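Notes for the one structure printed next.
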């Protein structure tokens, strides 16, 4: 899975979606954003099992895939970047 996205656009979306995530989750995967890439559309999902939010971003990509990324780590990292295109690459292990 590989795509290019604006750092500020991604951060804005994640900050909104992060409002759903509860810091005291008993299920660890609920502390993550689900990224689902299908060609040039990145769908991001967050949930606390009662409320689910889904948002989409147009990205530069031609691949497909999905990955769960820790929400706090990702948001904190994105806050340190200036506005720039981010190349994100995830590979299977």
Matching residues, the range 64-93, being surrounded by 13 or more Cβ atoms within 10 Å (Cβ to Cβ), touching a residue at least 40 places away in the same chain (Cβ under 8 Å) and not in a helix (DSSP H, G or I)
65, 66, 67, 86, 88, 90
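Each row is one residue, and each column tells you yes or no for (1) crowded, with 16+ Cβ neighbours inside 10 Å; (2) part of a strand (DSSP E or B); (3) touching a strand residue (DSSP E or B) at 6+ places or on another chain (Cβ under 8 Å); (4) at pLDDT 95 or above.
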residue	(1), (2), (3), (4)
5	yes, yes, yes, yes
15	no, no, no, yes
26	no, no, no, no
29	no, no, yes, no
36	yes, yes, yes, yes
44	yes, yes, yes, yes
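The values are calculated or read from the model by the stated rules, or taken from the named source; none is laboratory data. As the structure is a prediction and not an experimental result, all values here were calculated from the model. A quick note on method: Cβ atoms are made from the backbone with ideal geometry, for glycine too, and the neighbour counts reach across all protein chains shown.
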